[in-house]
Amino acid sequence: IESLRMLSERRSLVEENGRWHLSVDEFGISAKVKDIILRRVSALKPNQRRILDLASVIGEKFNVELLGSVLGQDSLEVLETLNSVARSSSLVVCEGDFYRFDHDKSREALYEEISPPLRRGYHAKIAERLEAIGKESEKWRVNDLTFHYYHAGNKEKSVKYALAAGNDALEK
């Protein structure tokens with residue numbers, strides 16, 4: 001009820017011709033929901049929080065090997081930490097070879113708490129690691145590279161990979 005009231009007050013939920021509909025495509029996290037998520041996060045140990053912060057920059061779904069590689073930690077250590085976080089807070093869940101956040105709003109709340117310079121640094125490290133993995137395996141993840149280089153502030157490389165993504169899409 002409170003969420004609906006908030007949407008109505010913000011004019012994000014409006015009534016027209018006797019029907020209610022959203023007037024926006026997307027809306028942020030309500031303060032109450034964000035507070036609940038951040039309370040769960042505040043109970044984490046510093047290393048657990050660091051891992052989740054970086055995971056939030058990678059995306060809703062993230063690869064443990066990439067996460068460990070960017071952090072300079074052994075994948076097993078990262079797996080143990082994520083397993084512990086999943087059991088204690090349910091912020092993340094395991095899905096096959098990947099982990100994902102329990103909800104995108106959890107990821108979003110964590111991401112928003114990271115300072116902009118640190119976020120750019122994380123995006124840069126992720127992009128560099130993805131680029132190195134791509135060269136090793138000949139699997140170019142051009143969309144991810146474009147996204148992370150763009151958010152890292154590296155316009156030259158983000159444009160390079162955006163063009164490559166466009167060419168890849170045309171070929172498909």
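The values are calculated or read from the model by the stated rules, or taken from the named source; none is laboratory data. Because the structure is a prediction, the values reported are computed rather than measured. Counting neighbours? That spans all protein chains shown, and the Cβs are built from the backbone with ideal geometry, glycine included. Please note that ligands, DNA and RNA were not included when accessible areas were found on the heavy atoms of the full protein model with its side chains. Shrake-Rupley method; radii C 1.70, N 1.55, O 1.52, S 1.80 Å.
Brief remarks on what is shown
- For segment 106-118, a tally of residues being touching a helix residue (DSSP H, G or I) at 6+ places or on another chain (Cβ under 6 Å) and open to solvent by 40 Å² or more (accessible area, probe 1.4 Å) returns 2.
- Segment 96-105, residues that are touching a helix residue (DSSP H, G or I) at 6+ places or on another chain (Cβ under 7 Å) and either closer than 17 Å to GLY72 by Cβ or outside any helix (DSSP H, G or I) (or both): TYR99, PHE101
- Tabulated pairs, segment 62-87, first under 10 Å from TYR99 (Cα atoms) and in contact (Cβ under 8 Å) with a residue 24 or more places away in the chain, second open to solvent by 40 Å² or more (accessible area, probe 1.4 Å) and among the aromatic types (Phe, Trp, Tyr), C-beta under 7 angstrom, 6+ apart or interchain: PHE62/PHE98; ASN63/PHE98
- Annotation: SER75 fulfils all but one of (1) at pLDDT 95 or above; (2) out of contact with any strand residue (DSSP E or B) (no Cβ under 6 Å at 6 or more places or on another chain); the unmet one is (1).
- The listed residue being exposed (fewer than 14 other Cβ atoms within 10 Å of the Cβ) and of a type outside the set (Gly, Ala, Ser), out of ASP102, ASP74: ASP74
- Cβ pairs under 9 Å, 6+ apart, first in segment 100-116 and free of Cβ contacts under 8 Å to residues at least 60 places away in the same chain, second surrounded by fewer than 16 Cβ atoms within 10 Å (Cβ to Cβ) and part of a helix (DSSP H, G or I): ASP102/ALA86
- Test for SER89: is it closer than 16 Å to ARG50 by Cβ, open to solvent by less than 80 Å² (accessible area, probe 1.4 Å), small (Gly, Ala, Ser) and at pLDDT below 95: yes
- Which listed residue, of ARG5, ARG19, ARG11, is over 25 Å from the mean Cα position of the chain (by Cα), open to solvent by 60 Å² or more (accessible area, probe 1.4 Å) and at pLDDT below 75: ARG5
- Test: residue in segment 54-65 that is modelled with pLDDT of 95 or more and among the aromatic types (Phe, Trp, Tyr): no
- Odd one out for GLY166 among (1) open to solvent by less than 60 Å² (accessible area, probe 1.4 Å); (2) within 23 Å of LEU52 (Cβ to Cβ): (2)
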